[in-house]
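The values are calculated or read from the model by the stated rules, or taken from the named source; none is laboratory data. Keep in mind the model is a prediction, meaning the values are calculated, not measured. For neighbour counting, all protein chains shown are included, and Cβ atoms are generated from backbone atoms with ideal geometry for every residue, glycine included. Note: accessible area is taken over every heavy atom of the protein model, side chains too, but ligands, DNA and RNA are not part of it. Shrake-Rupley method; radii C 1.70, N 1.55, O 1.52, S 1.80 Å.
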Amino acid sequence: MNSLNKYETIYILKPDTKEDTNLDLVKRYKLLIQKNGGQNILIQHRGRRHLNYNIAHYYDGIYIQVNYEGNGYLVKMLEKSMKFNNNIIRYLTIRQKC
């Protein structure tokens with residue numbers, strides 16, 4: 001059996017994203033992680049923050065942090081889903097050292 005790695009994905013939503021859309025995205029990504037074998041999922045809303053540089057003409061964004069355990073295939077699926085979501089202006093996943 002493959003051992004699971006610990007990952008942290010942070011994504012930034014457009015600042016004009018409505019609260020219900022925000023919550024729907026959080027639920028969708030949590031379900032995606034669970035369906036693909038992810039475990040120990042922790043989601044933290046980091047709130048609206050000013051960006052150091054503008055991204056797609058936005059000067060601030062809503063930060064969401066997701067910590068979970070999974071494999072590389074799960075990360076690839078999650079990032080592909082985020083890539084095609086119009087509400088997300090940036091995302092980044094890092095593998096955490098144990």
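Below are the figures for this structure:
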| item | result |
| --- | --- |
| Accessible carbon and sulfur surface of segment 1-79 relative to its total accessible area, %, 1.4 Å | 48 percent |
| Rounded accessible area per residue of the chain, 1.4 Å, Å² | 67 Å² |
| Cβ-placed point charges (K, R +1; D, E -1), dipole of the chain about Cα centre in debye, nearest 20 | 220 debye |
| Helix axis angle, 19-35 relative to the chain longest principal axis, alpha carbon, degrees | 20 degrees |
| Surrounding net charge for Arg48, when Lys and Arg each add one and Asp and Glu each subtract one, Cβ distance under 11 Å | +1 |
| Helix axis angle, 72-83 relative to the chain longest principal axis, alpha carbon, degrees | 20 degrees |
| The chain, Cα convex hull volume normalised per residue, Å³ | 96 Å³ |
| Inter-label distance for Arg46 and Lys80, nm, one decimal - labels placed 7 Å from Cα along Cα-to-Cβ | 2.6 nm |
| Ellipticity estimate at 222 nm from DSSP helix runs (n ≥ 4, -39,500 (n - 2.57)) divided over the chain, nearest 500 | -9500 deg cm²/dmol |
| When each of Lys35/Lys83; Lys27/Lys83; Lys30/Lys80; Lys27/Lys97 is checked by Cα-Cα distance, pairs over 22 Å | Lys27/Lys97 |
| Probe 1.4 Å - accessible area at Glu8, Å² to nearest ten | 30 Å² |
| Protection proxy ranking of 33-46, 9-22 - average other beta-carbon atoms within 10 Å, highest first | 9-22, 33-46 |
